[in-house]
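As structure tokens, the structure follows; a few thoughts come after it.
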Amino acid sequence: MWADCCLRRGSWRGGTGVRELGGRSNAGEAWTVYIDGGARGNPGPAAAAGVITDGSRNQRQFCVYLGVTTNNVAEYLALVWVLEEARRAKVAEMTVFTDSELLARQVTGAYRVRSPRLADLHGQAERLIRGLRRFEIRHVRREENRAADSLVNRTLDWVGRYAALQSARADEGSVRADEGSGP
């Protein structure tokens with residue numbers, strides 16, 4: 001299922017999910033990006049991740065632990081992060097695939113943004129999108145976003161193991177301190 005809205009020269013219309021903007025024209029390349037964000041618990045420990053494929057078919061991956069936040073914030077932060085990277089790399093065109101229908105539909109204007117926190121992130125994304133010559137966002141099923149989803153889960157698994165290890169070390173240190181205190 002795709003978010004089917006389009007912006008051409010300033011107005012949204014149903015159709016391809018493409019946003020053609022008259023923004024800066026540069027010799028930058030086009031990126032295809034799969035993004036995901038997730039939280040264990042909502043809110044809970046969260047991560048954002050993505051897989052970027054450039055015009056030469058080179059792939060880069062990113063994953064970021066976000067601390068405690070909501071799933072929707074994590075999804076937006078994944079989008080904002082990749083848009084900032086695109087700005088730095090002077091990318092001209094971008095197609096984003098996400099398994100978050102909410103994110104895709106809010107970015108295309110099909111849904112309103114009601115949450116103040118999401119509205120801030122939505123505004124950041126909109127400003128960055130305006131710097132691209134062409135932007136497209138598509139909602140895909142989770143199975144089609146497996147690589148980004150896996151990065152989010154691996155990041156959260158790693159953070160969970162690290163936290164458990166730190167907790168065990170702290171408990172071990174308190175046991176040693178107790179052993180030395182004597183009667």
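The values are calculated or read from the model by the stated rules, or taken from the named source; none is laboratory data. Here the structure is a predicted model, which means the values were calculated and not measured. Quick reminder, even Gly has a Cβ in these numbers, built from the backbone with ideal geometry, and neighbours come from all protein chains shown. The accessibility values were calculated without ligands, DNA or RNA, using every heavy atom of the protein model including side chains. Shrake-Rupley method; radii C 1.70, N 1.55, O 1.52, S 1.80 Å.
Annotations
- Test result for Tyr34, over 12 Å from Thr155 (Cα atoms), assigned to a strand (DSSP E or B), open to solvent by 30 Å² or more (accessible area, probe 1.4 Å) and touching a helix residue (DSSP H, G or I) at 6+ places or on another chain (Cβ under 7 Å): yes
- Taking the stretch 59-73 as the range and being among the hydrophobic types (A, V, I, L, M, F, W, C) and more than 9 Å from Ala49 (Cα to Cα) as the test, the residues that pass are Leu66, Val68, Val73.
- You will find that of Gly131, Gly109, Gly123, the residue that is touching a Cys at 6+ places or on another chain (Cβ under 8 Å) and either modelled with pLDDT of 95 or more or of a type in the set (Phe, Trp, Tyr) (or both) is Gly109 and no other.
- Test: residue in the stretch 10-18 that is at pLDDT below 95, among the hydrophobic types (A, V, I, L, M, F, W, C) and open to solvent by 40 Å² or more (accessible area, probe 1.4 Å): yes
- Pairs meeting the criteria (first residue in the stretch 112-125 and free of Cβ contacts under 8 Å to residues at least 60 places away in the same chain, second residue among the hydrophobic types (A, V, I, L, M, F, W, C) and part of a loop (DSSP other than H, G, I, E, B), beta carbons under 7 Å, at least 6 apart or on different chains) are Ala119/Val113; His122/Val113.
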